[in-house]
Amino acid sequence: MVLDLADDDTACVRRFVLDGKPALLTASYPPTSMVARSAITQENTGPGGTYARLAELGYTPVHFREEIRSRMPTKNEAAQLDISAGTPVILVCRTAFANEGRPVSINEMTLDAASYILEYDFDA
């Protein structure tokens, strides 16, 4: 498992739609042992979101890895995103890593493909 959770550890899960327009569904999974009793476990994590709160706790993300896939939405996703069943969704799974390669959060995002352009800029 990417987060290498202890047997008695769980993940803190939050799901929401952004900007009042259903264009993105997201679930974040930072280990509860890292974020218990912090703003990360609240619906509104505050300015800077989850990554700013991780930094305040000493787990500053310094590297990210994303896996990207696309598919047709499930009935539930189509309803939550207010899209037709024929509109594809983009699935982004982002893992945030702190120093020494320690994974500190997984964020699974489901995007309405008609609402987003994904742009990546990197050196060869």
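Once the stretch 36-54 is narrowed to residues that are touching a Gly at 6+ places or on another chain (Cβ under 8 Å) and within 17 Å of Ala96 (Cα to Cα), the residue that is surrounded by the fewest Cβ atoms within 10 Å (Cβ to Cβ) is Ala52. Which residue is modelled with the lowest pLDDT, if the candidates are limited to the stretch 92-121 and must be assigned to a helix (DSSP H, G or I) and farther than 19 Å from Met34 by Cα? Once the filter is applied, the top-ranked residue is Ser115.
Across the stretch 1-54, the qualifying residues are those that are of a type in the set (Lys, Arg) and at pLDDT 60 or above, and the one among them that is nearest to Ile106 (Cα to Cα) is Arg53. Listed by first and then second residue, the pairs linking a residue in the stretch 64-84 that is among the hydroxyl-bearing types (Ser, Thr, Tyr) to a residue that is surrounded by 11 or more Cβ atoms within 10 Å (Cβ to Cβ), with Cβ atoms under 6 Å apart and 6 or more places separating them unless they lie on different chains, are Ser70/Pro88; Ser70/Ile90. Helices (runs of 4 or more DSSP H) fully within the stretch 30-91 that include at least 1 residues being touching a Leu at 6+ places or on another chain (Cβ under 9 Å): 32-35, 75-81. Only one entry of Gly101, Gly58 meets the criterion of being touching a His at 6+ places or on another chain (Cβ under 9 Å) and of a type outside the set (Asp, Glu), and that entry is Gly101. I'd like to check something: does the stretch 61-82 contain any residue that is of a type in the set (Asp, Glu) and crowded, with 17+ Cβ neighbours inside 10 Å? Yes: the stretch 61-82 contains one or more residues that are of a type in the set (Asp, Glu) and crowded, with 17+ Cβ neighbours inside 10 Å.
The values are calculated or read from the model by the stated rules, or taken from the named source; none is laboratory data. Here the structure is a predicted model, which means the values were calculated and not measured. Cβ atoms come from the backbone with ideal geometry, glycine included; neighbour counts cover every protein chain shown.
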